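Trainee: Sending over a structure as structure tokens; questions will come in a sec.
The values are calculated or read from the model by the stated rules, or taken from the named source; none is laboratory data. Model, not experiment: these values are computed from the prediction. No Cβ is skipped: glycine too gets one built from the backbone with ideal geometry, and neighbour counts run over all protein chains shown. Remember, those area values only see protein heavy atoms, side chains included, never the ligands or the DNA or RNA. Shrake-Rupley method; radii C 1.70, N 1.55, O 1.52, S 1.80 Å.
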Amino acid sequence: RELHAVLDSRPVTEAELRRLFEEGRACALILAGQLEKEEERLTRLSADPAAPFTELAAALRRVNELRPDLEELHRLLHELDDQARQLRAAWVSS
């Protein structure tokens, strides 16, 4: 929510920008780790002919949920980086 608010031009300080970047990167690392874990689980389950279909389906569903979330977070962080550069340029020129 905070990322969206800042990207929607909510006034922000340099400290808030840094905090948002740090928290966003931490979330991205967590999501990437979860995604990797689920992808490995999916690989193991798909290689096991005795694996229950429900477990395979659950792992696939989780991968399909995590991947777009991680992509969206990366997109938002990239937009925040662009906006931060613009804000810093404006602060310097003021």
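Trainee: Quick check on region 48-57. Is at least one of its residues open to solvent by 90 Å² or more (accessible area, probe 1.4 Å), closer than 14 Å to Leu3 by Cα and modelled with pLDDT under 95?
Mentor: No.
Trainee: Scan region 1-44 residue by residue and report those that are of a type in the set (S, T, N, Q), under 17 Å from Asn64 (Cβ atoms) and without any contact (Cβ under 8 Å) to a residue 24 or more places away in the chain. Working first, answer last.
Mentor: Within region 1-44, the subset of a type in the set (S, T, N, Q) is 9, 13, 34, 43.
Still in the list and also under 17 Å from Asn64 (Cβ atoms): 34, 43.
Thr43, the sole residue that qualifies.
Trainee: Considering each of Glu72, Glu36 in turn, give the residue that is assigned to a helix (DSSP H, G or I) and open to solvent by 90 Å² or more (accessible area, probe 1.4 Å). Show your work before the answer.
Mentor: Values: Glu72 fails: open to solvent by 90 Å² or more (accessible area, probe 1.4 Å).
Going through Glu72, Glu36 in turn, the sole match is Glu36.
Trainee: Let me ask something else about it. Given (1) open to solvent by 80 Å² or more (accessible area, probe 1.4 Å); (2) under 13 Å from the mean Cα position of the chain (by Cα); (3) under 28 Å from Val92 (Cα atoms), where does Ser9 come up short, assuming only one miss?
Mentor: (2)
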